[in-house]
Structures are given as structure tokens and as C-alpha cells.
Amino acid sequence: NQPLYWAIDEQSDATLYTHYMSSRGLKMGAEARWVQDEATRGAAMFDYLRDREVDDGVGGASSDWGYTSDRFLRENEDRWWLRMKHDQGLPYGLAAQMDLDLVSDQDYLVEFRRGLTGFQEHRDYFREAFGRDLDDYNDPVRVNRLRTYGSWDPIQLDAGLLWLQETRPDRRDDGQPFPDTTLQRLPFVQMSAVRTPLGDSGFVFGLYPAMRAMRLD
């Protein structure tokens with residue numbers, strides 16, 4: 001696995017990776033990191049492998065190139081992982097965050113858990129640089145979100161989009177369809193306020209948002 005580092009300028013850099021595997025093929029990777037100011041910065045990583053081996057359930061494919069402990073095959077040759085975190089400063093005391101974690105199949109992060117472009121390396125990086133985590137390597141549902149928030153004492157505003165990616169295939173190894181019961185949250189805008197006295201009236205005022213979700217069948 002050979003990385004090539006590029007210091008683009010004082011505010012951005014990139015790293016390119018070539019990871020050759022004699023039985024699987026050439027896995028290519030790229031990282032980009034940028035910093036605009038104290039409130040605005042980000043990092044994005046993408047890997048791609050045209051896998052020579054698949055888990056199609058034929059012969060010893062599952063034991064050699066897949067997992068016999070689950071119900072799912074891994075028949076795709078095009079395999080990839082995109083992850084990104086970005087913090088954006090906005091006017092009027094607002095800020096935004098974007099988190100992306102998209103993967104080609106349910107086995108990818110299990111197989112590529114270690115190494116320079118592996119799951120654990122980038123999980124540690126995101127935790128340290130952004131204070132935000134990735135879902136576990138073996139979690140079949142990956143969280144992607146866009147959030148905007150602000151605080152003006154005592155009011156707090158929170159708005160965003162959330163999308164959960166189901167990484168397992170739409171059918172099991174017995175050919176039966178796998179129902180997608182992933183709960184998706186509707187886009188939301190919510191405002192809250194801590195309990196605040198209303199002058200000398202003896203009354204207090206507060207706002208507490210309710211949460212909603214929807215099921216996509």
C-alpha cells in the first residue's frame with residue numbers, strides 16, 4: 001500500500017493511495033482535507049476496488065471471499081467507500097455540519113477494517129479532528145446527515161436532513177427478498193428554549209421539541 005502526499009497550499013492537502021492485492025486487484029484511494037478558518041473545515045475520503053472475487057454462493061465462494069455466518073451474498077464486483085465530514089461557519093451565529101458514510105456492500109468495512117485506508121484509521125481521525133464518530137464497521141445501516149444549528153440565549157435552533165443507507169442486498173442467499181424496514185426521519189426544523197422566568201410574574205417559559213420518524217416499506 002503506497003501513499004503519495006500532496007501539500008496543495010497552506011489550507012488544503014491530499015493523499016493518494018494504491019493498494020495492490022494479488023488475488024483481489026488494485027484498490028485506489030484518495031483523501032482531501034481543507035481548512036478555511038476556525039469554523040470551516042472538512043475532510044473527504046474515497047476508495048474503489050474492482051474486486052476479482054465475489055461471494056455468489058457457488059462452491060467455496062462464501063467461505064473464501066464472504067462470510068458463512070450471515071444470510072447475505074456479496075455478488076458485486078464494484079466496491080467502494082465514501083466518507084466525509086465538513087463543518088461550515090454561517091452568518092448570524094449559525095453553523096452547519098455534513099456527515100457522509102456510504103459503502104458499496106455490507107462486507108466492505110469488515111474486510112478492510114485495518115490499514116492506511118481502513119475503517120479504524122479513519123474512525124480515529126474523524127473522532128480527533130471533528131469530534132464525531134462513524135457507525136461501527138459491522139453496522140449494516142450507515143447514517144448520513146446534514147445539520148444546521150444556532151443558539152441565541154435562551155433560544156436554540158436545530159434543522160436538518162437524515163438519511164440511513166441499508167448496505168445489505170435486497171435478497172438473501174436463499175433467493176428470498178429482504179424487506180427494507182429502515183426507519184427514515186423526515187426533514188426537521190425544531191426550536192427549543194430553556195426555562196426562563198417571565199419577568200417578575202412568577203411564570204416561566206420553555207420550548208421542548210417532539211421527534212418524528214417514518215418507515216419506508
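Considering only residues in the range 176-196 that are open to solvent by 90 Å² or more (accessible area, probe 1.4 Å) and part of a strand (DSSP E or B), the one that is modelled with the highest pLDDT turns out to be Val189. Taking the residues in the range 124-175 that are part of a helix (DSSP H, G or I) and not hydroxyl-bearing (Ser, Thr, Tyr) as candidates, determine which candidate is surrounded by the fewest Cβ atoms within 10 Å (Cβ to Cβ). Top of the filtered list is Glu128.
Counting the residues of the range 1-42 that are within 18 Å of Arg132 (Cβ to Cβ) and part of a loop (DSSP other than H, G, I, E, B) gives 2. Would you check if there is a residue in the range 70-78 being more than 30 Å from Gly93 (Cα to Cα), open to solvent by less than 20 Å² (accessible area, probe 1.4 Å), in contact (Cβ under 8 Å) with a residue 24 or more places away in the chain and not in a loop (DSSP other than H, G, I, E, B)? Yes, some residue in the range 70-78 is more than 30 Å from Gly93 (Cα to Cα), open to solvent by less than 20 Å² (accessible area, probe 1.4 Å), in contact (Cβ under 8 Å) with a residue 24 or more places away in the chain and not in a loop (DSSP other than H, G, I, E, B). Scanning for something more than 21 Å from His122 (Cα to Cα), assigned to a strand (DSSP E or B), open to solvent by 50 Å² or more (accessible area, probe 1.4 Å) and of a type in the set (D, E, K, R), does the range 43-64 turn up at least one residue? Looking for residues that are more than 21 Å from His122 (Cα to Cα), assigned to a strand (DSSP E or B), open to solvent by 50 Å² or more (accessible area, probe 1.4 Å) and of a type in the set (D, E, K, R), one finds at least one in the range 43-64, hence yes. Output the residue which, of all residues in the range 112-123 that are in contact with a helix residue (DSSP H, G or I) (Cβ under 9 Å, 6 or more places away or on another chain) and of a type outside the set (Lys, Arg), is surrounded by the fewest Cβ atoms within 10 Å (Cβ to Cβ). Within the range 112-123, the match that is surrounded by the fewest Cβ atoms within 10 Å (Cβ to Cβ) is Gly115. The set of residues in the range 180-196 being under 22 Å from Tyr208 (Cα atoms) and of a type in the set (Ser, Thr, Tyr) consists of Ser192, Thr196.
The values are calculated or read from the model by the stated rules, or taken from the named source; none is laboratory data. Quantities reported herein were computed from a predicted structural model and do not represent experimental measurements. With ideal geometry, Cβ positions are generated from the backbone for all residues, glycine too; neighbour counts draw on all protein chains shown. Just the protein is used for accessible areas: all its heavy atoms, side chains included, with ligands, DNA and RNA removed. Shrake-Rupley method; radii C 1.70, N 1.55, O 1.52, S 1.80 Å.
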